[in-house]
Ligand code: HEM
């Protein structure tokens, strides 16, 4: 078939393209709302001359997620994190030597054997959340804030044997405050033309100061672990001692710093959003909540905490999490580019190295795959139905060799936390709350509060 010359696109302005129509801090939601207008599964957005195709259907995703034709590439949000996270796993291009090296060294940290060791630190962090909710029984709690404290404490403890003690503080740890500021500024940079940042002197200086502060703390953690080796067999131990099984090479201290920062960020934001959205859906769907709670209680069988083996029996809780990630994939997009000129869908030309966005909230609502796409229905992921979901229709953890290394860690942590919360508390969402989704690097429900009362 003949390749078309132009991709479908909304009406655009001369020179500025679609820039004047793009809402700040709501971009993923704006693009997702556009998708039904382009049933072809592709549309183009023109950022004042820089054109970006968006992929929104499983049929086209199957083509751009073919790693023989397309590779991951670093889009604007990740590029703006490079001063902080350097060539850490998330922000490295696949052909940078440190990506492959770190990937081979760190994959074992997320295998079955390693995950078993994460149970104790995960339970410790969840225990602090439960204690905090008991102490604040009947008070309104900001859900995203609570889940962020939990997930940050979990990755810091499980990965680096470091305690932020988020539930023992009224204001965030200085490391966390600096990290939040840097992420905010990085996101702002990602959505602005480069020229705009030059006259924001104060913001630029603060960004650099915060990054230097964060690097300083991480470098200190690395130095002190080198001086006084710990018994912990955690992620940091593997970063410091691990050798590439292929070449025998080790990670440099500079790269370890970038990996620690990467894991602290990638390891908490997304899981926090997942848990927050899951609690939002559960409190709106009493039947789903009742079934998930019944399963949690049956698995716990009167004990205060599950064993590692029990996690596989939280089947319905896992379905709830999977359906939550379908509707609100908390890392809402990633980018790929073809090695050479490509034509997808038999007619849409994608020139070599052209960055393409895979827009997950739209892909996960593709009407050709999902009946009543807007309906929250964990039954879609029931074991008997799961195999029928086309592979490329559901990609909340990314794709292929660049898929999320922490997927199993995240699901284990989220299942555990959700099961413990359901088993221990009655939950009441704020009446009349209408979902607003906040966009930073990731998605989260904004202003969603609930009250919790101990069940026993
Ligand atoms: C619900 C939770 C999570 C979601 C939805 C999620 C999603 C994703 C996605 C979509 C990617 C691919 C990004 C791209 O292609 O640009 C990714 C990569 C990554 N994630 Fe996650 N993630 C989650 C939790 C975690 C956790 C808990 C960790 C660490 C413990 C983690 C560490 C990473 C790292 C290091 C990468 C880069 C992998 C590479 O390219 O080698 N993530 N994640």
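The values are calculated or read from the model by the stated rules, or taken from the named source; none is laboratory data. It should be emphasised that the depicted structure is a prediction, and the values quoted were computed from it without experimental measurement. Cβ: placed from backbone, ideal geometry, glycine included. Neighbour counts: every protein chain shown.
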Within region 247-265, can you find the residues that are within 16 Å of the ligand (Cβ to nearest atom) and free of Cβ contacts under 8 Å to residues at least 60 places away in the same chain?
-> 256
Residues of region 401-432 classified as free of Cβ contacts under 8 Å to residues at least 24 places away in the same chain and more than 13 Å from the chain's Cα centre (by Cα), total | 2
Residue list for region 64-84, filter: over 20 Å from the mean Cα position of the chain (by Cα) and closer than 13 Å to residue 357 by Cα = 64, 70
Any residue in region 369-381 that's within 14 Å of residue 282 (Cα to Cα): show its pairings with residues that are at pLDDT 95 or above and assigned to a loop (DSSP other than H, G, I, E, B) at Cβ separation under 6 Å, as long as the two are six or more apart or on different chains.
-> none
Filter result for residue 289 (out of contact with any strand residue (DSSP E or B) (no Cβ under 9 Å at 6 or more places or on another chain) and either crowded, with 20+ Cβ neighbours inside 10 Å or within 22 Å of residue 449 (Cα to Cα) (or both)) | no
Considering residues that are buried (at least 16 other Cβ atoms within 10 Å of the Cβ) and within 16 Å of the ligand (Cβ to nearest atom), the number found within region 381-410 is 16
Out of (1) more than 16 Å from the ligand (Cβ to nearest atom); (2) surrounded by 21 or more Cβ atoms within 10 Å (Cβ to Cβ); (3) at pLDDT below 95, what's the single condition that is false for residue 442?
-> (1)
Residue 264 fails exactly one of the following numbered conditions: (1) buried (at least 19 other Cβ atoms within 10 Å of the Cβ); (2) modelled with pLDDT of 95 or more; (3) assigned to a helix (DSSP H, G or I). What is the number of that condition?
-> (2)
Conditions (1) in contact with a helix residue (DSSP H, G or I) (Cβ under 7 Å, 6 or more places away or on another chain); (2) more than 12 Å from residue 161 (Cβ to Cβ): number failed by residue 234 = (2)
For region 57-66, state whether one or more residues are away from the ligand (no atom under 16 Å from the Cβ) and in contact with a strand residue (DSSP E or B) (Cβ under 7 Å, 6 or more places away or on another chain).
-> yes
If you scan region 94-128, which residues turn out to be near the ligand (Cβ under 10 Å from one of its atoms) and touching a residue at least 12 places away in the same chain (Cβ under 8 Å)?
-> 94, 99, 102, 103, 106, 107, 109, 110, 118
Name the one entry in 244, 234 that is over 23 Å from residue 444 (Cβ atoms), modelled with pLDDT under 90 and within 15 Å of the ligand (Cβ to nearest atom).
-> 234
Could you tell me which of the residues 314, 321, 327 is out of contact with any strand residue (DSSP E or B) (no Cβ under 6 Å at 6 or more places or on another chain), modelled with pLDDT of 95 or more and away from the ligand (no atom under 15 Å from the Cβ)?
-> 314
Can you tell me which residue within region 330-353, out of those that are more than 20 Å from residue 77 (Cα to Cα) and surrounded by 20 or more Cβ atoms within 10 Å (Cβ to Cβ), is farthest from the ligand (Cβ to nearest atom)?
-> 348
Residue among 159, 168, 138 that is modelled with pLDDT under 95 and more than 24 Å from residue 228 (Cα to Cα) = 168
Taking region 266-291 and keeping residues under 15 Å from residue 317 (Cβ atoms) and within 11 Å of the ligand (Cβ to nearest atom) leaves 271, 274, 275, 277, 278
Single condition residue 133 does not satisfy, out of (1) within 23 Å of the chain's Cα centre (by Cα); (2) buried (at least 18 other Cβ atoms within 10 Å of the Cβ); (3) touching a residue at least 24 places away in the same chain (Cβ under 8 Å) = (1)
